[in-house]
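Asks: Once you've had a glance at the structure underneath, I'll fire off some questions.
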Amino acid sequence: MRVLVKASGIEDQQMVFDHNLKAYEILDMIKDKLTYPCYGCKVDNSYRGLLHNVHRDCTVEFLDIRNQAIWMVYQNSLVLLYLKAVHDVLGKDVLVSINNSLSKGLFTVIKAKIDQQTVEAIQRQMELLVEKDLPISKQHIKKSAAIELAKSYKQDETVRLLNSLDYNDDIEIYSLEDEVEIFYNFLVPSTGYLDKFELRLYRNGVLLRYPHPTNPNVIPYFEDQRMLYDAFSEATKWGQLMQVNYVTDLNECIKNKKTLDLYLLQEALHEKKISDIADMILQRKSRVVLICGPSSSGKTTFAKRLCVQLGVNGLKTLYLGTDDYFVEREETPLDENGEKDFESIRAVDVKLFISDLQKLLDGQLVDIPSFDFKQGKKIFGQRLTKLEKNQIIVIEGIHSLNQIMTEGIDEKEKFKIYISPFTPVSIDHHNRLPTTDCRLLRRMVRDYQFRGWGVSHTLESWPKVRAGEDRNIFPFHSQADVFFNSNCIYELAVLKKYAQPLLMEVKPSDSQYGEAQRMLDYLRYVDEVDDDDSIVNNSIIREFIGGSVLVK
């Protein structure tokens, strides 16, 4: 058996074996030479766990947490370790919820009285389990047995989900001694792989923190993300208001023909929030509104809906997109790989932008450029503009909250908004739906519909987009005056209709096949909705599926 082995930090090498091996056994032969620890692999473009049995000629590429799928493997494995430690310390009957990402970790809620001493005891137990390097075993059981297992743990939402599945395939379960859990992804082979984590008592829960892809060997510095915590709390309240907390709740709404109610209630919540923000801007007498958020957050639709609400408050608006201030294509900076870096702030003509902004605020006539993406240059002479009385400037772009973009402008003039889609919907208590994957689905549908890009192109470029967000967007969200959650609680069911056929076209020979399959697995628990015609034409989701009156 010939195996071509790949990994970061080593040259590709051909290995020959006369018998089958587990992937982790091959990893053990090379791990001392690797740049970062690996927790999963690709076998001929398909994601596989380290417990995978390598039994034929193939290519095995070992992956670390800089890969999104493998980062989730580490997180899910750590969750199993955490659940085991909680139950060892507090008892098997204690319920634990894995809620959302926060402060470079996961925010969890333990249904018991906890304090700092309790958290320290749980951490010590986790460390002891890691030191013992206990095996994490995987087995397949019948769906009926999985349902009984979920019932024994009082996981009603998991029971409902398993009952709703229209297939009778065996269910994968993972065991760590007496801790048995259902995970919808593969885990690491043993606790010894999970040596990097930190627990922190926070608000009414516990933060389970771990390395970030930007530095896989280090627990990140703790940042108290109070605004994001409040945003997730608001998202949870919205989910409770609409009675959609788990995918089974959403699926039942679809089955019972109640999606129209969801559409209307979601839009009412968004409109109320936008109206509240407009009122805050009026009260603050801000002249410059700055809107920032990661890719596929719905910044353009939000900005234009905000302009409408500001108009209701008697304020005229001038809309500016920072994309119109890109430097000429030949001046675009290069990244570490020698490729054009359109995510960098150096890709923006900051000097011209600040000059135009200051002139507008001073009441001068300004020739605002429009960027021609085909020609790769700014076009002038089409937007001669002068700010009117009571007119404010609404600026939307990924760098809007970076102080460099508005240097010299009085802080009292600015109102800062951070926007991102935070979903309150989970698969069950222990398996969440990452916000990052929701944004990726939005982007692949939009790229195909309006930019002529195939799914493989979107999937291939996504890691670069994410890296740009880590550098240029996420460090500035704490400066915002307000957060807007652009998630539509029903959107996974709507996006599935558009994304699933595209993902299914990705061939096994494509380097993005594994990622396409991961996204299909992500969608298989959500029922598809077929009545999206009822979604209003100014909805944020329309920016991605089409039919928007605000984004052409």
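Asks: Taking 0.36 nm per residue of sequence separation and subtracting the Cα-Cα distance, how much length would be gained by fully extending the chain between HIS140 and LYS31, in nm to one decimal?
Replies: Gain on stretching HIS140 to LYS31: 36.3 nm.
Asks: Separation between the LEU384 and ASP531 pseudo-spin-labels, each 7 Å from Cα along Cα→Cβ, expressed in nm?
Replies: Here the answer is 5.3 nm between the modelled labels.
Asks: Mean shadow of the range 110-175, computed from the convex hull of its alpha carbons, in nm²?
Replies: One quarter of the hull surface, i.e. the mean projection, equals 5.8 nm².
Asks: Using a 1.4 Å probe on the protein heavy atoms, what percent of the accessible area of the range 251-397 belongs to carbon and sulfur?
Replies: Taking all protein chains in place, the range 251-397 shows 51 percent carbon and sulfur surface.
Asks: 7 Å from Cα along Cα→Cβ at both GLU328 and PHE373: what's the point-to-point distance in nm?
Replies: Once both label points are built, they end up 2.2 nm from each other.
Asks: Can you give me the % of accessible surface on the range 428-503 that is carbon or sulfur? Probe 1.4 Å, all protein chains present, nothing else counted. It would help to have the intermediate numbers written out before the result.
Replies: Details: 1190 of 2310 Å².
The C+S portion of the solvent-accessible surface of the range 428-503 is 51 percent.
Asks: Hey, another quick one. Which of rounded, prolate, oblate describes the range 204-327, given a ≥ b ≥ c as roots of the alpha-carbon gyration tensor eigenvalues and a/c under 1.5 marking rounded, otherwise prolate only if a/b is larger than b/c?
Replies: oblate
Asks: Name the shape class, rounded, prolate or oblate, that the alpha-carbon gyration tensor gives for the range 320-359, where a ≥ b ≥ c are the square roots of its eigenvalues, rounded holds for a/c under 1.5, and otherwise prolate holds if a/b is larger than b/c and oblate otherwise.
Replies: prolate
Asks: Could I ask something else about it? Accessible area per residue, 1.4 Å probe, Å², for the range 306-461: what's the number?
Replies: Numbers: 6960 Å² over 156 residues.
On a per-residue basis, the range 306-461 sits at 45 Å².
Asks: Given H placed on each backbone N at 1.01 Å, which residues far from ASN431 in sequence or on other chains put an amide H within less than 5 Å of it?
Replies: none
Asks: Still on this structure: What residues have an amide H closer than 5 Å to that of ILE136, excluding those fewer than 5 places away on the same chain, when H is modeled at 1.01 Å from N in the peptide plane?
Replies: Long-range HN contacts for ILE136: SER190, THR191.
Asks: Let me ask something else about it. Determine the gain in length on full extension of the stretch VAL218-GLN283; use 0.36 nm per residue of separation and subtract their C-alpha separation, reporting nm with one decimal.
Replies: That pair, VAL218 and GLN283, stretches by 19.0 nm at full extension.
Asks: Here is a further query. Mind pulling up the Rg/Rh value for the chain? Radius of gyration and Kirkwood radius, both on Cα.
Replies: Looking at the chain, the ratio lands at 0.98.
Asks: Ordered by packing density, taken as the mean number of other Cβ atoms within 10 Å over each peptide's residues, highest first, how do 349-362, 327-340 rank? Numbers along the way, then the final one.
Replies: Details: 349-362: 16.7, 327-340: 11.9.
Packing proxy ranking, top to bottom: 349-362, 327-340.
Asks: Could you check how much of the accessible area of the range 92-181 is carbon and sulfur, as a whole percent, using a 1.4 Å probe?
Replies: Accessible surface attributable to carbon and sulfur in the range 92-181 totals 46 percent.
Asks: In what sequence, highest mean first, do 202-208, 385-391 appear when ranked by Cβ atoms within 10 angstrom?
Replies: Numbers: 202-208: 18.1, 385-391: 12.7.
Highest to lowest by the protection proxy: 202-208, 385-391.
Asks: Taking amide H positions as placed in the peptide plane 1.01 Å from N, state which residues far from TYR202 in sequence (5 or more) or on other chains have amide H under 5 Å from it.
Replies: Correct list: LEU207.
Asks: Please label the shape of the range 451-540 as rounded, prolate or oblate, based on the square roots a ≥ b ≥ c of the eigenvalues of the alpha-carbon gyration tensor (a/c under 1.5 means rounded; beyond that, a/b larger than b/c means prolate, else oblate).
Replies: oblate
The values are calculated or read from the model by the stated rules, or taken from the named source; none is laboratory data. Just so it is clear, the structure is predicted and the values come from calculations on it, not from any experiment. With ideal geometry, Cβ positions are generated from the backbone for all residues, glycine too; neighbour counts draw on all protein chains shown. These accessible areas exclude ligands, DNA and RNA; they are computed on the full protein's heavy atoms, side chains included. Shrake-Rupley method; radii C 1.70, N 1.55, O 1.52, S 1.80 Å.
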